[in-house]
Amino acid sequence: MDLTVARALARAGGWRAGLAALLAVLQGVAPTAAVVATGQLIDAVVSSDSVGAVRGLVLFGVASVGGVVASAVLDHLVPALDGRHAAATHEAIADITLGTPGIAALEAPTTAAELAALAEAERADGFTRAAASAREVITRRTTGLAALVLLLSLAWWAPLVMVAGWRGMAVAVRRWIDHSAAVSAGAGASTLRRPRYLRELATGTEAAKEVRLYGLAGWLVRGYADTYHAALTALWRDRATDLRGIGAAVAGLGVAHLAVLGYAGWAAGTGAVSVAGLAVAVQAVLGSSALGFLGEPEYALGRAREVARRIQRLAAGTPPPRTPVIHEGRKGAGAIRLRGVRFTYPGRGEPTLDGIDLDVPAGQSIAVVGVNGAGKSTLVKLLCGLYDPDSGSVEVDTGLGVIFQNFTRYELPLRDNVSLTPRDEDTLVRALTSAGGADLVDLGWDTPLCAAQAGGRDVSGGQWQKVALARALAAVDDGAGVLVLDEPTAALDVRAEVELFDRFRAVAGSVTTVLVSHRMASVCRADRIVVLDGGRIAEDGAHAELMALGGRYAAMFTVQAARFAEVEEHSRG
Ligand SMILES: Nc1ncnc2c1ncn2[C@@H]1O[C@H](COP(=O)(O)OP(=O)(O)OP(=O)(O)O)[C@@H](O)[C@H]1O
C-alpha cells in the first residue's frame, strides 16, 4: 500500500482510517485461520481426537464469524472514508486553483497540464475509491502473507518460491500497465484532445445552433470517428510493447507452483506430511496468489496516488501570493499608475504590451481604444492583477469592480448574480435599476438565471450585461474605487449603450472608470481617451484634443460617425 495514499486517507479520515486498516487485516487473516481450522479438523477426524475436533470447529467458527463481522463493519466505514477523502481532495485542488493571485500561473503549460490531468483523474473516479481499494489491497495482501506463514510448515523455501513467482508476475503486469498509462497521459492525451472536442461540439449545447445552421453534423461525426480511430490506433500501437516480460513471469510462476505442489505431493506420499498438512499446503499455495497483481484496486490506488502527488507538486509549485498592488482597504475613488509595463503571453515571441506608462488620477473616466488584438483586454487583466508584468509596475489605489467581456453567467439566483455577498434588497434594487435592469427585479430575487433549473429563467444577452453592470455597481457600493468595463455592452444597441453609459457614469461618478469599447459614441464621453497600438500608447487626450490631432482616434471616430449618420438617414428615409 502506498504511503502517500495512506497518509491522505489518515488525514481525511482520522481514527476511522486506523480502524478500517485494522479490520481489513482481520478480514485478511480470517480465510487463513479457516484453513488452519480445517487442517485441525481433518487431523482430529483421522486420529479420532474429539477435543481436537471441537478446537478445530471453534477456530473455524471464530474465523468465519470474525471475517463476516469485519467485512460488515468495513462496508459501512469505507464509503464514508471515501467520501471524506474525495472532499479533502476537492478542497486541496480548490485551494491550489483559487490560492494563486493571478491566472498566469494557472495558464502556465506545466500547471495547466497538471490541472487537466487532475480533472481527468476526477472523471476516471479512481481516487474517490481510494479507501475501498486500500481495504481490498490490505485484505488480500494479509491473506497472501498468512498463506506464506502456512507454507513455512511445508518447507522453509516454499514461501520464498511462491513470493518470487507472484511478485515477478506482478512486476511484469505492473510495468506493462504503467507504460500504457504513461502513453495515455502523454502522447495519448494530446491525440485524444481533438476527437474529444469534436464529440463535445456534436453533443453539447454550446455549438448546437451553428452545427444545425451550417449542416456540420456529418462533418463532425466523420471527423470524430476518423480522429478517434487514428488516435486509438496510435495509442494501441504504442501500448503493444514487448509482452515477453509477461511470458517469462507466467513461466516462472508455473515453475514455482510445480515445485511447491510437487514437493507437497511427494512429502505426503512419503508420509513426511499428513493428509491435513497436504490440504493446508494446497490451500496456502492458492492463498499466495493474493500477493500477485490485484487488478482494479491497484489501478485505483495508483490513480489515487497520482492525484495525491500531483496535488503535492502543484501545492509546492504555487507561487507565494504577490504583494498586492490593489489596496482593498482604501475607500473612495482610486488612482491608477502604470510604469514601463511590458507583458508577453507565455509562448508568444512578441510582447503584447511594450512599455506602457499611464497615470489615471482618482475620479477620472478613461476609455481605452484600439484595433482588435491591440492589447486592451490584456491591459485590463494586468490592472486586475490577474497577470504580473514582465517588467514595470501596476498600482491601483483601491479595490476594483470589473466586468469582463466574457463575464461569468452564474447558474444561480438573480440575487447571487448581482452580489455573492449578502446585502439588503434595497441595495440590490438600486444596483440593478442603475444598471438599466429595473424590469429584471420582477423576475424575483430567488429566480435562478438558468431555465434548466427548477423555477429558473433564461435571460437575453443584453439583460445579462445589465446584471453584470449591476454586479459592478454593487462592488462600488462595497467601496471599490475603480471600475473597469471591458466591452460590457456589446450586446446592446448603440443608443442603449450610450444611455446606459451616461446613467452608469452618473451613479458611479464618484469612482475612477476605465472603459474598453469599440463604440465611439460611448468612448467620446470619457474624460480622456487612450489609443493602444503596437503594445504602446499611441495617443492620449480628451476627445476634442484627439479629434484636433487628426490621428488614429480621429480616423476611427469619423468612420463610425459617418456610418452611424448613414444608417440614421437610411432609417428616416
Ligand atoms: N491567454 C492568451 N495567451 C496568448 N495570447 C493571448 C492570450 N490572450 C490574448 N492573447 C493575444 O494577445 C493579443 C492582445 O489580446 P487582447 O485580448 O488584449 O486584445 P484586445 O485589444 O482586447 O482585442 P479585442 O478588441 O479583439 O477584444 C492578441 O494578439 C491575442 O491573440
Exercise. How large is the accessible surface per residue of the chain, computed with a 1.4 Å probe and reported in Å² as a whole number?
Worked result: 51 Å²
Exercise. Angle, helix 3-13 long axis vs. longest principal axis of the chain, Cα atoms, 0 to 90°, nearest 10?
Worked result: 70 degrees
Problem set entry | Interchain or long-range residues, amide H under 5 Å from Leu353's placed H | Phe343
Seminar exercise, completed: One finds the C-alpha centres of region 218-294 and region 148-190 to be spaced, in Å, by 9 Å
Problem set entry | Rounded to 5, the percent of DSSP beta bridges in region 336-571 classed as antiparallel | 50 percent
Problem set entry | For Leu515, residues with placed amide H under 5 Å, excluding near neighbours | Ile366, Ala367, Val368, Leu485
Problem set entry | Accessible surface ranking that places the most exposed of Glu539, Glu200 first, with a 1.4 angstrom probe | Glu200, Glu539
Exercise. Nearest 10 degrees, 0 to 90: what angle lies between the long axis of helix 109-124 and the longest principal axis of the chain (Cα atoms)?
Worked result: 50 degrees
Problem set entry | Percent antiparallel among DSSP beta bridges (both partners in the chain, rounded to 5) | 50 percent
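If Leu59, Leu160 are ordered by their accessible area, calculated over protein heavy atoms with a 1.4 Å probe, which sequence runs from highest to lowest?
Ranked from most to least accessible, the order is Leu160, Leu59.
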Problem set entry | Probe 1.4 Å, all protein chains present, accessible-area order of Thr128, Thr512, largest first | Thr128, Thr512
For this session: Report, to the nearest whole %, how much of the accessible area of the chain belongs to carbon and sulfur atoms, 1.4 Å probe, protein only.
Result: 60 percent
Exercise. Hey, what angle do you get for helix 552-572 against the long axis of the chain, alpha-carbon based, 0 to 90 degrees rounded to 10?
Worked result: 80 degrees
Exercise. Applying the Karplus parametrisation 6.51 cos²θ - 1.76 cosθ + 1.60 with θ = phi - 60° to the phi angles of region 134-141, what ³J(HN,Hα) value in whole Hz is obtained for each residue in order, glycine and proline being reported as x?
Worked result: 4, 4, 4, 5, 4, 4, 5, 5
For this session: Convert each backbone phi in region 465-481 into a coupling constant with the Karplus relation 6.51 cos²θ - 1.76 cosθ + 1.60 (shift: θ = phi - 60°), then list the ³J(HN,Hα) values in order as whole Hz, x for Gly and Pro.
Result: 5, 5, 4, 5, 5, 4, 4, 5, 5, 5, 5, 4, 4, 7, x, 5, x
Exercise. Amide H to amide H under 5 Å from Thr447: which residues, 5+ apart in sequence or cross-chain, H placed 1.01 Å off N in plane?
Worked result: Leu414, Arg415
Problem set entry | With DNA, RNA and ligands ignored, accessible area of Trp166 (1.4 Å probe; Å², nearest 10) | 40 Å²
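The values are calculated or read from the model by the stated rules, or taken from the named source; none is laboratory data. Computed from a predicted model, the values in this text were never measured in an experiment. For accessibility, only protein heavy atoms count, side chains too; no ligands or nucleic acids. Shrake-Rupley method; radii C 1.70, N 1.55, O 1.52, S 1.80 Å.
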